[in-house]
1. How about the stretch 568-683: which strands (runs of 3 or more DSSP E) wholly inside it have at least 2 residues that are at negative phi and not assigned by TED's automatic domain parsing to the domain that holds I291?
2. Here is a list: V476, V506. Which entry is surrounded by 22 or more Cβ atoms within 10 Å (Cβ to Cβ) and farther than 18 Å from R315 by Cβ?
3. Being basic (K, R) and farther than 13 Å from I675 by Cα is the filter; apply it to the stretch 573-618 and report the residue that is nearest to the ligand (Cβ to nearest atom).
4. Out of the stretch 214-235, which residues are surrounded by 15 or more Cβ atoms within 10 Å (Cβ to Cβ), outside any helix (DSSP H, G or I) and of a type in the set (S, T, N, Q)?
5. Would you say S407 is at pLDDT below 95, of a type outside the set (D, E, K, R) and more than 16 Å from the ligand (Cβ to nearest atom)?
6. Being among the hydroxyl-bearing types (S, T, Y) and either free of Cβ contacts under 8 Å to residues at least 60 places away in the same chain or part of a strand (DSSP E or B) (or both), is that true of even one residue in the stretch 159-181?
7. Tell me, please, whether a residue that is under 27 Å from G317 (Cβ atoms), in contact with a helix residue (DSSP H, G or I) (Cβ under 8 Å, 6 or more places away or on another chain) and of a type in the set (S, T, N, Q) can be found in the stretch 404-414.
8. Examine the stretch 327-336 for a residue that is modelled with pLDDT of 95 or more, at positive phi and within 6 Å of the ligand (Cβ to nearest atom), and state whether such a residue exists.
Amino acid sequence: MAIIAADIQWRKGAPYSTLFNEFYISPSNETEQNESEFLQLGDFKRRWQGLSKHCASFTIAETGFGAGLNFLSCSDLWLNIAPKSSVLEFFSAELFPIDKAELAKILSQRPHLRNLSDELIKHYPVPVAGIHSIELFQGRVRLHLMFGDANEMFSSISQSPNKEQAHYNRRPVDVWLLDGFAPTNNPAMWSPELLATIASLSDQTTIALTANIDQKKILTVSKNLQSAGFLIQPTESNGPQKLRLKALFSGRKHQQLELDNSSGSTQWHLDKTVRPISTRDQEVTIIGAGIAGCTTAVALAKRGFKVKVIDRHPRAGQEGSGNSQAIVYPKLSPRDDVLPRINLQALLFSSRYYAPFWEGGLGNQCGVISLPGNAKIAEDFIQISQRFSGCGDFVQLIENDELCDRSGLSLASSIGLFFPLLGWLPPSIICQQLLKEHGIPLIHANIDHFNHQQSDSRWHLFDTSENLVYSTDILVVATAYGCEKFEQTNFLPVTQLRGQISKLPVGTRTKSLKTIVCGDGYITPAHDNYHSCGATYNKGLFSTELRVQDHEMNIAQMGHTDSGLGDALENLDATKMDGRANFRCTTKDYLPIVGPVPNFSSMLKDFGFLRRDARADSMMMGDYLPNLYINCGMGSRGLSYAPYTAELLATQISQQIPSLERDLIQAMHPARFLIRDLKKKRL
Ligand SMILES: Cc1cc2nc3c(=O)[nH]c(=O)nc-3n(C[C@H](O)[C@H](O)[C@H](O)COP(=O)(O)OP(=O)(O)OC[C@H]3O[C@@H](n4cnc5c(N)ncnc54)[C@H](O)[C@@H]3O)c2cc1C
């Protein structure tokens, strides 16, 4: 998972890539010229000044992030002239990221960008493969830094492996900055394969720019661009050595590059109804003011939608998200399956998301220590630490003395994983603050059912007395297991799973606890004279009454995790203990359910052929209910998942390019169960 960092040498006072034999910033400062070349060539000033206030975003995609100089120059101009209500979405791929300290040194050579570089460096992600989405500059720019091979990364964010559907029902990239190292030094960045992927994410309004092409290579680059469907526009040369290119996408792709590698029923996640690009004046209503609903509300409000939240409680965060202390729970794996990849990306995303809350004094970013509990898990921990070597800011394998120092407790485990960026938060306060800070109204009502009326193309929501509570253009169900109640979503296989946490009084031996410690269960550092310790799993139990045996179970779990911790929790009286019980919404594959709601009966009919042949090749697309979405199934990790799934859902609703790989989106897709069940003849 850790990715190899760029190998940089300083030559003549400038950073030089030993792998690509080229300067990141040339000693003659011609690189600075390139940065402004891009701005001129793209005519960004005129385009951005003229952007309509209704335009929610502008998307730039770049093939080599390097030291982020193009990103910073574009952001600088954007912040100065673009409408304040629009967001610059900047996707950039980088296979060999520059180490943070080196990046700071390089960027110090651009003093005019100082403020912007300081913020970039502060939020620069750990060197872990995958997509890191970072909101910068008061949310006016979203950087999607894709650590990995450019072709693989851009292919992974397209809608379909079939290039014809790469940006189906979705906005294209507006401008491509082709700025990898020169073609002689890094041919992969100019390959026909990558340019075909670039073409697939473009439409007739897309332009591609390059400012640094060697005379000798200009013909090859022009030819490859033309083969991919771009028309080269005449531009003036920018010096005797380097040439610049501007190309407009024509939509006509070279025959050989029209790859169709769709296999089986991989198109089920696409909506067969062609949808016009959504507009920001549309109204979105979310049922459910837990952490899933509130993070979704904010992600949509930031994209300009008019958002309202409805809940059966008068205040947000009163059910699953109502605990006073919940932890951002780390669960990594030495394997590369989708579940651990989603867990990893969600953890990285949510730790960035909650940083301002922690900085503002809510909860505590005290770090989390995960203890193995048995030899098999200890072996996994060692493999995990090897896979994440070089990512010590995110996870470190620590041994007993350090475990005791860091945790402040005398622990017996010989090893543990330490996550310095994680901590605990009060989820109900987070929910309330999210709505308040973004001015999102909460309507108090218990929704019994809803239906879509063709006459006005809106969803109409009713309470148990058949009163119309509200009507809306777009509806999001974020009611956790409450989705079982609605006719449109009750096919989803979710389980209402009770859990109880115990409030343990602070003892003489536990008062020194400095970090969260978790294993079979978890315990937090003292807060308001208590430690939160949890949690139990009680299937088939539907009461929120506290149970003594569950308090005992919580304490026992900590003893199983570590005998030293067990000793520190001796002599607690479970009969006098306080706590809280509520319900999780779990799924069979432990992943959340996020995305558009399928039309169950028509999908069953359309994809019935999968019962006969699970591998049948088909270009069939799915049938989805108009403007109905769901975000639920957070299981035991709502705090980590919710900000991440909210962001995904907001990009889907606003038809933007998401910052998640396609296989991860499909793994959380609401239609996955029905496709799986058809293939296994369970339906
Ligand atoms: C004991 C316990 C301990 C936990 N500890 C942790 C932890 O440490 N870390 C962690 O990440 N996760 C933890 N979890 C899990 C976490 O709490 C959940 O994953 C998360 O709260 C789910 O958020 P949600 O928004 O999906 O659901 P909820 O918070 O349950 O929100 C759903 C909302 O929908 C509303 N609603 C439902 N139906 C209707 C309707 N018909 N009309 C109107 N409103 C409706 C409800 O009132 C509720 O407010 C714990 C869970 C439990 C039970």
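The values are calculated or read from the model by the stated rules, or taken from the named source; none is laboratory data. A quick note: this is a predicted structure, and the numbers were derived from the prediction, not measured. A quick note on method: Cβ atoms are made from the backbone with ideal geometry, for glycine too, and the neighbour counts reach across all protein chains shown.
1. 578-587
2. Of the residues listed, the single one that is surrounded by 22 or more Cβ atoms within 10 Å (Cβ to Cβ) and farther than 18 Å from R315 by Cβ is V476.
3. Here the residue is R584.
4. Matches in the stretch 214-235: T235 only.
5. It is false that S407 is at pLDDT below 95, of a type outside the set (D, E, K, R) and more than 16 Å from the ligand (Cβ to nearest atom).
6. No, the conditions are met nowhere in the stretch 159-181.
7. no
8. No, the stretch 327-336 contains no residue that is modelled with pLDDT of 95 or more, at positive phi and within 6 Å of the ligand (Cβ to nearest atom).
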